[in-house]
Amino acid sequence: MRFRTEKIMPPPIVKLIEEARRFIGASEFLNLGQGLPGHIPPTISLQGLQERLTHPSAHLYTPDKGLLELREELALYIRQQLNNYVNPETELMITAGGNNAFAGIALTLFEPGQTVIMPSPFYFNSVMAIRLVGGNVKMIPVDETFQPDPDLIEAAIDDRTRAIFLVSPNNPTGAVYEKERVDKILDLCLENELYLISDETYARMAFEGSMHYSPRSRRDAQNHVITIGSFSKDFGMSGWRIGYITGPEDFMEEYLKVQDTMTICAPTPSQLLALEILKTGLDVIDSEMEGVANLRELAYLRAKEIDQWDLTRTKGTFYLFPKVRGCKDSRKLVLDILRGTKTLVLPGSVFGEAGEGHIRLSIGPLTPEAVDEAFDRLTKYFATNS
Ligand SMILES: Cc1ncc(COP(=O)(O)O)c(C=O)c1O
């Protein structure tokens, strides 16, 4: 029996972590592989959740779109945080995470053979989702500062193009896309009747004076933008599987069919915790973000010590994406680093051809001490393997 999914590569992180487990003693292992935040939800919000869980309704389905109280609170947050007005009844839905949202968008939007244009390197799960529904992806390399090039994107548009997909702040590069470029890309969507799918999973993680720009905040473009949000990274809730989607009313009506089929609704306890954080935990989340900013400072300082790296300093997320001079096979390099230093980083090649020669370091889950330790190991590794 053959499977439709055979033409799609297996999840690259899962495979690598399996390989890592084979030769790593747990105590010394440092994981800079998976993109996890270091914080968990605020204690005050977890306490609030305890009380909410005593109500029987906390253990039942919610409406498909999500609890109305959460949607209303989230609409307020989106207005304050993203300068984006959404109607909580018709333009906002709670999902079981950002990946779930993207897979749902793929199922709702794409006919087999239609194309999505996305800057590359790219977030691989999104590519998998498009391929799973029979769509194609056109990768457009970013420039040397990891910003997307609107002219190259324009040249790639043809009659099969259905959408342009942007992730900002970006995984794996950390780039916070400049407003001017995003606006140009949005103009292209308006001119060519395309959707702009904007993955804003790391919306709070724009640092060093940069501003996250949410394209749906542009009023003239609201019918063309679908936004994906996630509680996984910014709110330390990756295990709770919760995110959201905003989009034009006609799209959301169609998306509801997919939502009902795939998940019915996002997990109710997770919705309640998200609601609690929005009501009681945002100050704590702000201070967690300061912690991420400090970790980044430390990591960039230490990264300068590694001569073989060409490192573009970006302003967002907890990822570093150095190019390793002379590296032609980043997967081989990563396995060698792992064997030599018991430290897992990801090969740039899993983020597409444009990522080959790079490695991705996720410092999100580390303490400052662990960041220092990781860079001690990496500095030594590259000094002896140059
Ligand atoms: C750009 C991007 N989008 C979406 C996700 C998935 O988020 P979620 O945990 O909400 O499914 C990730 C996770 O790494 C990501 O990096």
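Figures for the structure shown
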{"item": "Accessible area of region 44-281 divided out per residue, in Å², using a probe of 1.4 angstrom", "result": "39"}
{"item": "Region 145-254, relative contact order in percent, only Cα pairs under 8 angstrom and at least six apart counted", "result": "23"}
{"item": "Carbon + sulfur, % of accessible area of region 44-281 - ligands and nucleic acids excluded, 1.4 Å", "result": "49"}
{"item": "Stretch in the chain that is longest and holds no GluC sites (Glu not before Pro) that DSSP places in a loop and that have at most 14 other beta carbons within 10 Å", "result": "209-304"}
{"item": "In nm, spacing of pseudo-spin labels at E144 and E69 (7 Å Cα→C-beta vector)", "result": "5.5"}
{"item": "Mean projected area in nm² (Cα convex hull; one quarter of hull surface) for region 44-281", "result": "12.2"}
{"item": "For region 79-105 versus region 262-306, the gap between their alpha-carbon centres in whole angstrom", "result": "18"}
{"item": "Charge dipole (region 44-281, unit charges on Cβ, about Cα centre) - positive-most of L186, I226, W240", "result": "W240"}
{"item": "Region 156-221 versus region 122-142: alpha-carbon centroid distance in Å", "result": "16"}
{"item": "Helix-only CD estimate at 222 nm, as mean residue ellipticity for the chain, using -39500 (n - 2.57) per DSSP H run (n ≥ 4)", "result": "-12500 deg cm²/dmol"}
{"item": "With DNA, RNA and ligands ignored, accessible area of L190 (1.4 Å probe; Å², nearest 10)", "result": "50"}
{"item": "Exceeding the 24 Å Cα-Cα cut-off - candidates K65/K184; K328/K380; K65/K138; K15/K257", "result": "K65/K184; K65/K138; K15/K257"}
{"item": "Label-point gap, in nm, between N83 and I13 - each point 7 angstrom along Cα→Cβ", "result": "3.1"}
{"item": "Alpha-carbon Debye profile of region 322-386, log10 I(q)/I(0) at 0.12, 0.14, 0.30 Å⁻¹", "result": "-0.28, -0.39, -1.37"}
{"item": "Residues of type aspartates and glutamates that K233 reaches as a straight line, Cα spacing below 20 Å, ignoring anything fewer than 8 places off in the same chain", "result": "E73, D199, E200, E208, E276, D283, D286, E288, E290, E297"}
{"item": "Computed E for A58/F3 - FRET, C-beta separation, R0 41 angstrom, nearest 0.05", "result": "0.60"}
{"item": "Eligible aspartates and glutamates near K304 by straight Cα distance, threshold 14 Å, same-chain separation 8 or greater", "result": "D372, D376"}
{"item": "Trypsin sites (Lys or Arg not before Pro) restricted to DSSP loop in region 1-92 with at most 15 other C-beta within 10 Å", "result": "R2"}
{"item": "Projected label distance in nm at A383 and E297, using a 7 Å step from Cα toward the beta-carbon", "result": "2.5"}
{"item": "Whole-number percent relative contact order across the chain, with pairs defined as alpha carbons under 8 Å at least 6 apart", "result": "24"}
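The values are calculated or read from the model by the stated rules, or taken from the named source; none is laboratory data. Treat the numbers as computed from the prediction; the structure is a model and nothing was measured. Using ideal geometry, Cβ is built from the backbone for each residue, glycine included, and neighbour counts are taken over all protein chains shown. Areas reflect the complete protein model, heavy atoms only, side chains present, ligands, DNA and RNA absent. Shrake-Rupley method; radii C 1.70, N 1.55, O 1.52, S 1.80 Å.
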